1. With respect to GLN178, is the statement that it is assigned to a strand (DSSP E or B) and over 14 Å from the mean Cα position of the chain (by Cα) true?
2. Checking the condition closer than 20 Å to GLY91 by Cβ and part of a loop (DSSP other than H, G, I, E, B), which residue from ALA208, ALA196 passes?
3. Test each condition in (1) touching a Ser or Thr at 6+ places or on another chain (Cβ under 7 Å); (2) modelled with pLDDT under 95; (3) surrounded by 21 or more Cβ atoms within 10 Å (Cβ to Cβ) for ILE185 and report the one that comes out false.
4. Looking only at the range 111-134, filter to residues that are in a helix (DSSP H, G or I) and charged (D, E, K, R); which one of those is nearest to PHE161 (Cα to Cα)?
5. In this structure, is LEU82 part of a strand (DSSP E or B), of a type in the set (A, V, I, L, M) and touching a Phe, Trp or Tyr at 6+ places or on another chain (Cβ under 9 Å)?
6. Under the condition of being surrounded by 15 or more Cβ atoms within 10 Å (Cβ to Cβ) and modelled with pLDDT under 90, which residue from the range 92-107 is farthest from the chain's Cα centre (by Cα)?
7. Out of all the residues in the range 34-66, which are at pLDDT 85 or above, under 16 Å from the mean Cα position of the chain (by Cα) and not in a helix (DSSP H, G or I)?
8. For the range 140-166, which residues satisfy the criterion of being at pLDDT below 85 and either of a type in the set (Asp, Glu) or buried (at least 18 other Cβ atoms within 10 Å of the Cβ) (or both)?
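The values are calculated or read from the model by the stated rules, or taken from the named source; none is laboratory data. Just so we're clear, the structure is a prediction, and the values are computed from it rather than from any experiment. Cβ placement follows ideal geometry from the backbone for every residue including glycine, while neighbour counts extend to all protein chains displayed.
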Amino acid sequence: MPSHPTRTTFSILILLPILIFLLAACAAPSLGEPTPAPTPITTPFAGVREDPQRLTLIQTDLPDGFRKLDNTTLHEGHNAVLFMNPDAVSGKDDKRVLGVVDEITTYEDDADARDAFENDLLLTEQDIAQNIRENESAGQGDIQVEVYHPGLLGADLWRAFKASYQLGGTQVHEYRYQFMVSNAIGNVIVTVRANADGGESAPGRKQADAIAQKQIDKLNQFRAQRPQ
């Protein structure tokens, strides 16, 4: 596990351009602040003691139709995966959720994770807009990013954002979730096709929230209790 909270993760920035490129290439024509919120262990510290490759989401955790496209591990205590729904992207069905990026990093203890979450990994609306703007496939049109307030449960800290922009010829809404569960930090990005009028898809948003909640629940499943 990372021994220093300054060892931040960058694979989500590696995988995200891949997702944007794939979505743009296959796309059909257009139709804040942190919020408070079992594996045997051999050390006094409890928390999440598990290989992140077992902590990240798998295909069966997602709605039907998703396929895993890539998997990245930058160092011990880290894993990131990329999923896409080919039929939704190509327009063969009317499902709204197009792609998911999921990343988990475990730290030595809660204090290291909290320091990373509140400092090294701190995100703003401007950071996300710039990240999207740097990817050519996202286009250079209007990019709107705002703080988002989903009803996530089970995280010690969380923040979320919603971004709206053109991906190829398709208007999308992208939901970004960042949360801390004990000594583990998760980043989940869900890309959802907008409605025909460019508005937000309520079913798509609901599925995005459910995917983020699934990841939080999975971390809590592996969250061992501190010995009394």
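1. On the way: assigned to a strand (DSSP E or B): yes; over 14 Å from the mean Cα position of the chain (by Cα): no.
For GLN178, the condition - assigned to a strand (DSSP E or B) and over 14 Å from the mean Cα position of the chain (by Cα) - is not met.
2. Details: ALA208 fails: part of a loop (DSSP other than H, G, I, E, B).
Result: ALA196 is the single residue among ALA208, ALA196 that is closer than 20 Å to GLY91 by Cβ and part of a loop (DSSP other than H, G, I, E, B).
3. (2)
4. Residues of the range 111-134 that are in a helix (DSSP H, G or I), as a first pass: 111-120, 125-133.
Narrowing the set further to residues that are charged (D, E, K, R) leaves 112, 114-115, 118, 120, 125, 127, 133.
On the way: ASP112: 23, ARG114: 19, ASP115: 20, GLU118: 16, ASP120: 17, GLU125: 7, ASP127: 11, ARG133: 16 Å.
Filtering the range 111-134 for residues that are in a helix (DSSP H, G or I) and charged (D, E, K, R), the one nearest to PHE161 (Cα to Cα) comes out as GLU125.
5. On the way: part of a strand (DSSP E or B): yes; of a type in the set (A, V, I, L, M): yes; touching a Phe, Trp or Tyr at 6+ places or on another chain (Cβ under 9 Å): no.
So LEU82 fails the test.
6. Start the filter on the range 92-107 by keeping residues that are surrounded by 15 or more Cβ atoms within 10 Å (Cβ to Cβ), which leaves 95-107.
Next, from what is left, pick out any that are modelled with pLDDT under 90: 95-96.
Working: LYS95: 19, ARG96: 17 Å.
Checked the range 92-107; the qualifying residue farthest from the chain's Cα centre (by Cα) is LYS95.
7. Once the filter is applied, which keeps residues that are at pLDDT 85 or above, under 16 Å from the mean Cα position of the chain (by Cα) and not in a helix (DSSP H, G or I), the range 34-66 yields THR56, LEU57, ILE58, LEU62, PRO63, PHE66.
8. Listed by number, the list is empty, since nothing qualifies.
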